[in-house]
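Data block below; observations after.
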Amino acid sequence: MVLTAGLSLKPQHYNAALACPAAGLWFEVHPENYMVDGGPRLAWLEAIRARHAVSLHGVALSLAADAEPDPAHLARLAALVRRVEPALVSEHLAWSTWRGAYHPDLLPFPRTNESLARIADNVCRAQDALGRRIAIENPSHYLEIAEHAWDELAFLKELARRTGCGLLLDVNNVYVGSRNLGYSAENYLDSFPGDLVMEIHIAGHTPDPNLGESLLVDSHDAPVAPAVWALYERLIERIGARPTLIERDDNLPDFATLLCERGRADAVLRAPLARAA
Amino acid sequence: MNTPAPAALARFQDAFAHALLEPLAEPASTVTALASQPGFTVYRNTVMKGCIDALQANYPAVARLVGEEWFRAAATIYVREALPAESTLLRYGASFADFLARFVPAAELPYLPGVARLDRLWTESHAAPDEEPLDPAAIARLAPDTLARAILHPHAAARWAWFEEGPIYTIWSCNRAAAVPAPELDWRPEGALLARPRDAVEWIALDAAGCAFLDACAAGGTLDAATRAALDAQGDADLAQLMSTLLTAGAFSRMSFMHETPGRERS
């Protein structure tokens, strides 16, 4: 079955997710939430996996840290991959764990030759441990970092060339970054290497409570914004259909509301799929 | 001894991680200029919110007792002392009960650390390995002399605790279930047992005899030794009722037997 639009899987929606018969539907989870020895969490994930495709979207391998990925974490991730047999596995162009402390965020770094070499090595270690290709996601940006020696697109392309990894294109992150740092989201997306895109994310964002529209926050707590839908439709028109996640993590509406939003992405993907058929 | 200078990326990450929790970046570090940009606050807020949300999710009875505002203020101080050591945030906050025990603003709430310990035991039980609970019929079939040599192994998801300081179990279970506690608490010691007899964590009150019995089982003692421990803890213990309660609650996973020769065990 072709995977079209998916949803973030949340415990509040386990029953509805399990029963939902929508064609092409899939679910994404953060593997860190399922790195337990047993119990109802894993049982639920396995029950849903028995009915739907699942994607593991990691937030904690910390690939952009100047350190190898934690071997224990990587082993637990590999065990979960064997158990769940996910359709997709992805991680971020970011760091979160550093010197034994986990910072629950996707932190930035200067894109230099040094960081590229380190991240490429880390991606290779991850792919070797998991025995599969992973997709690396472009993060949201909030800071002007003067030390950048590479622009992000060139950096991602070179990372993929060195490691064989794919890319996860988060359209909302591109929009948030373009508004915060003042670049053209259209130009960025028009230049993004479509052949490397294994998955797409779209999500809601919110203005910073103090600074308003001049600082957008990638909060995943609201419906996808009209501007992001427009960018997404333009992207799909150019590169064709890719599994697309409605990434909602906070301020959750009921499952029917999420399914309705997911239906819009599904419809966008059905057009190129019908043309290709 | 000469240590090599850390690489630029490592220096960046040291300074960035420091600035996430401190109001002022280290002067003249690589991130001084970054930390003064408005966008740096997004990272500070996201890291702090992620940790506090995780603590609140892991300690729901504590949060309900003290209210969200108090909880999140206390959690902010805890996070600065103890960032998560791993990314599975379900396990974050292992030292939170100890923190509350020495947290001066919580001194008027002497039951709070105990309630936090029970929230933590719930999490441990919830994420423990899957095992079939011991079938009560397996015990009923044993001859009396065999029974005395039986060793009951606590289930991987079984957690129990005795609280000398007061009715911690009653306070915890009312708040865990979002119920209203009785207006007049009977202020005396209590114990609790949490286990997963089916799919989800369930809990019951457990008396001093029950806690001593399970402690003896966990230490590898025979049923005979566990029974003596239970009676030492509580002279009037009803052992038949206790066994029935523990078996129904899913406290055990399997049984083995001590050989006639002391000190040898076979499964």
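Between A:132, A:111, A:83, the distinction of being basic (Lys, Arg), closer than 21 Å to residue A:200 by Cα and at pLDDT 95 or above belongs to A:132 only. Only residues that are modelled with pLDDT of 95 or more and touching a Ser or Thr at 6+ places or on another chain (Cβ under 8 Å) were counted across region B:151-196, and they come to 13. Determine whether residue B:161 is under 19 Å from the mean Cα position of the chain (by Cα), under 17 Å from residue B:61 (Cα atoms), assigned by TED's automatic domain parsing to the domain that holds residue B:259 and of a type in the set (A, V, I, L, M, F, W, C). Spelling it out, residue B:161 is indeed under 19 Å from the mean Cα position of the chain (by Cα), under 17 Å from residue B:61 (Cα atoms), assigned by TED's automatic domain parsing to the domain that holds residue B:259 and of a type in the set (A, V, I, L, M, F, W, C).
Any chance region B:238-250 includes a residue that's of a type outside the set (A, V, I, L, M), modelled with pLDDT under 95 and either under 19 Å from the mean Cα position of the chain (by Cα) or surrounded by 15 or more Cβ atoms within 10 Å (Cβ to Cβ) (or both)? No, region B:238-250 contains no residue that is of a type outside the set (A, V, I, L, M), modelled with pLDDT under 95 and either under 19 Å from the mean Cα position of the chain (by Cα) or surrounded by 15 or more Cβ atoms within 10 Å (Cβ to Cβ) (or both).
Look through B:113, B:105 and report the one residue that is farther than 30 Å from residue B:195 by Cα and more than 14 Å from chain A (Cβ to nearest Cβ).
B:105
Taken over region B:47-63, the criterion of being facing chain A (nearest Cβ under 9 Å) and either closer than 19 Å to residue B:12 by Cα or in contact (Cβ under 8 Å) with a residue 60 or more places away in the chain (or both) is satisfied by B:47 alone. Take the residues in region B:91-102 that are within 14 Å of chain A (Cβ to nearest Cβ) and crowded, with 21+ Cβ neighbours inside 10 Å, then tell me which one is nearest to residue A:38 (Cα to Cα). So the residue we want is B:92.
If you go through region A:226-277 and keep only what is without any contact (Cβ under 8 Å) to a residue 24 or more places away in the chain and of a type in the set (S, T, N, Q), you end up with just A:257.
Residues in region A:220-277 that are of a type in the set (Asp, Glu), in contact with a Ser or Thr (Cβ under 9 Å, 6 or more places away or on another chain) and assigned to a loop (DSSP other than H, G, I, E, B): how many? Steps first, please.
Our first condition is that a residue be of a type in the set (Asp, Glu); within region A:220-277, this holds for A:221, A:233, A:237, A:247, A:249-250, A:254, A:261, A:266.
Next, only the ones that are in contact with a Ser or Thr (Cβ under 9 Å, 6 or more places away or on another chain) stay: A:221, A:247, A:249-250, A:266.
Narrowing further to those that are assigned to a loop (DSSP other than H, G, I, E, B): A:221, A:247, A:249-250.
Residues in region A:220-277 being of a type in the set (Asp, Glu), in contact with a Ser or Thr (Cβ under 9 Å, 6 or more places away or on another chain) and assigned to a loop (DSSP other than H, G, I, E, B): 4 in total.
Looking only at region A:90-126, which residues are of a type in the set (A, V, I, L, M) and at the interface with chain B (Cβ under 7 Å from one of its Cβ atoms)? Quick ask: steps written out before the conclusion?
Restricting attention to region A:90-126, the residues satisfying the condition of being of a type in the set (A, V, I, L, M) are A:93-94, A:101, A:106-107, A:116-117, A:119-120, A:123, A:126.
Once the filter is applied, which keeps residues that are of a type in the set (A, V, I, L, M) and at the interface with chain B (Cβ under 7 Å from one of its Cβ atoms), region A:90-126 yields A:101, A:107.
Looking only at residues of region A:21-72 that are more than 13 Å from every other protein chain (Cβ to nearest Cβ) and basic (Lys, Arg), we find that the one that is nearest to residue A:135 (Cα to Cα) is A:49.
Among the residues in region B:60-77, are any surrounded by fewer than 17 Cβ atoms within 10 Å (Cβ to Cβ), outside any loop (DSSP other than H, G, I, E, B) and β-branched (Val, Ile, Thr)? Yes. When each of A:103, A:148 is tested for being free of Cβ contacts under 8 Å to residues at least 40 places away in the same chain and touching a Lys or Arg at 6+ places or on another chain (Cβ under 6 Å), the lone residue that passes is A:148.
When restricted to residues that are more than 15 Å from the chain's Cα centre (by Cα), in a helix (DSSP H, G or I) and either touching a residue at least 12 places away in the same chain (Cβ under 8 Å) or within 18 Å of residue A:237 (Cβ to Cβ) (or both), region A:178-209 contains 12.
When region B:131-160 is limited to residues that are within 14 Å of chain A (Cβ to nearest Cβ) and surrounded by 13 or more Cβ atoms within 10 Å (Cβ to Cβ), the one that is farthest from residue B:213 (Cα to Cα) turns out to be B:131.
Filtered by the rule that a residue be in a helix (DSSP H, G or I) and more than 14 Å from chain B (Cβ to nearest Cβ), region A:165-177 gives A:171, A:172, A:174, A:175. Within region A:13-30, the set of residues being more than 18 Å from residue A:274 (Cβ to Cβ) and over 21 Å from the mean Cα position of the chain (by Cα) comprises A:15, A:16, A:18, A:19, A:20, A:21. Candidates are the residues of region A:204-246 that are closer than 16 Å to residue A:179 by Cα and in contact with a Leu (Cβ under 8 Å, 6 or more places away or on another chain); the one that is modelled with the lowest pLDDT is A:208. Within this structure, residue A:129 passes the test of being under 19 Å from residue A:55 (Cβ atoms), more than 11 Å from chain B (Cβ to nearest Cβ) and surrounded by fewer than 18 Cβ atoms within 10 Å (Cβ to Cβ). Are any residues in region A:147-164 farther than 17 Å from residue A:106 by Cβ, assigned to a loop (DSSP other than H, G, I, E, B) and modelled with pLDDT of 95 or more, and if so, which ones? Result: A:149, A:150, A:151, A:164.
Quick one: in region A:212-226, which of the residues that are of a type outside the set (Asp, Glu) and surrounded by 15 or more Cβ atoms within 10 Å (Cβ to Cβ) is farthest from residue A:104 (Cα to Cα)? Outline the logic, then answer.
In the first step, residues of region A:212-226 are kept if they are of a type outside the set (Asp, Glu); the result is A:212, A:214-217, A:219-220, A:222-226.
So of that shortlist, the ones also surrounded by 15 or more Cβ atoms within 10 Å (Cβ to Cβ) come out as A:215-217, A:219-220, A:223-225.
Details: A:215: 20, A:216: 19, A:217: 15, A:219: 13, A:220: 15, A:223: 23, A:224: 23, A:225: 25 Å.
Once the filter is applied, the top-ranked residue is A:225.
The values are calculated or read from the model by the stated rules, or taken from the named source; none is laboratory data. Because the structure is predicted, anything quoted here is derived from the model rather than measured. So basically every Cβ, Gly included, is an ideal-geometry build from the backbone, and we count neighbours across all protein chains shown.
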